[in-house]
């Protein structure tokens, strides 16, 4: 447990960039604001298009995490640290999961206040799917030969969103109660995190954990 805590502290200290953190949070909550201003009620023509597009706010997660993962991958010092495994696996998953879960909870509260319980069930499911995919995506950025585990689920999610938003049979949503949606949301979160942990551990055993630090990267990141 001590190594996990140390890894998270090291990750936050060395990886989290205040600028990208602010930009990412701004994008996430800009989407929330737009949703509050002009929501589409269930049954309307654009209802499922709105629901399936809510995940755009999760792009802010990638902006926050994409830059966060660079430094540990570029310096061998971090690979040789006593908490290296947790720094590369546990810390990114925990950090990304907390951001996604916080965003989803706030968004779900706004949905309940603004539209009602009927739409909340649909929004919770879509948000949890988006969060799960972005946890995968954020965790495998920079992991050589394993980026596909992040890209393919994301492409599949885009295809699913497009199918549901254009299929009129989903115009009124999924038609499930909020209580069932909560259970599905928790199961989806746990499933995505478990899959991410399994693949990440596989990468730790077989992947290339460092990349050469070029002068261009050093200049862009402000490193000497």
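Quick notes
- Of all the listed residues (84, 91), the sole one being surrounded by 17 or more Cβ atoms within 10 Å (Cβ to Cβ) and modelled with pLDDT of 80 or more is 91.
- Selection count, the stretch 98-127, where residues are touching a helix residue (DSSP H, G or I) at 6+ places or on another chain (Cβ under 6 Å) and under 26 Å from residue 9 (Cα atoms): 4
- Set 47, 103, 78: member being buried (at least 20 other Cβ atoms within 10 Å of the Cβ) and either at pLDDT 75 or above or within 21 Å of the chain's Cα centre (by Cα) (or both): 103
- Those residues of the stretch 103-143 which are in a helix (DSSP H, G or I) and more than 21 Å from residue 157 (Cα to Cα), in sequence order: 106, 109, 110, 111, 112, 113, 114, 117, 118
- Residue selected from the stretch 131-163 under the condition farther than 30 Å from residue 87 by Cβ and surrounded by fewer than 19 Cβ atoms within 10 Å (Cβ to Cβ), by the criterion modelled with the highest pLDDT: 159
The values are calculated or read from the model by the stated rules, or taken from the named source; none is laboratory data. Quick caveat, the model's predicted, so the values are computed rather than measured. Because the Cβ atoms are built from the backbone with ideal geometry, glycine has one as well, and the counts that use them run over all protein chains shown.
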